[in-house]
Amino acid sequence: MNVLRPVAALALCGALLTPPALAHEGHDDAPAAPTGQAPPRFALESEAFELVGVLQGQRLAIYLDRHASNEPVNDARIELQLDEARYSAQPHGNGEYEVMLPQPLPAGDVAVTATLALGQEADLLAGDLHIEQAAHADPAAMPAWRRYGPWAAGALALVAVLGLALSRRKGSASVEGARA
């Protein structure tokens, strides 16, 4: 019996199914690629102010600064309207404010209007917040190797088993032919 073919088939399957070696800490020259999606955000600006909002679940973080100097703005009163709902932002740090939403915002475009008041200054800013569907809900967002990898591994295993079975069958047929 020719043992070389089944061993070669198993070696090929093993080589194809072995995960690639990955560099560990300190041995990776390339910067890490970002994983997952960036949280939804909006940026509103006027001649006096810049306001950026970042949605993290039910928390909306708001960053407010002066347009000309990029200096953080503290002690502002910010009233926010998201579609039809109105919220008052609470101070949360140096130029930072936050709004806790009672429920997550639905996917799609949300109209955003911010009314700012700081001493004698007042401003009205408007824009949109675009919220994507969750990435894990969309199978097309999954990397191709994760979608097709299990099928490819199964096909390779099937080819290896069929190759082994055929080589054994040929081996037993040649032994029977030699006996006759």
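Computed from the coordinates by the stated procedures, all read-outs in this text should not be read as laboratory data. Because the structure is predicted, anything quoted here is derived from the model rather than measured. When we count neighbours, we look across all protein chains shown, and the Cβ atoms used for this are built from the backbone with ideal geometry, even at glycine.
What the table shows:
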quantity: Percentage relative contact order, the stretch 41-136, counting C-alpha pairs under 8 Å, at least six apart; calculated: 26 percent
quantity: Simple spin-label estimate for Y148 and E96 in nanometres, 7 Å along Cα-Cβ; calculated: 4.4 nm
quantity: Extension gain from V159 to E71, taking 0.36 nm per residue of separation minus the Cα-Cα distance; calculated: 25.1 nm
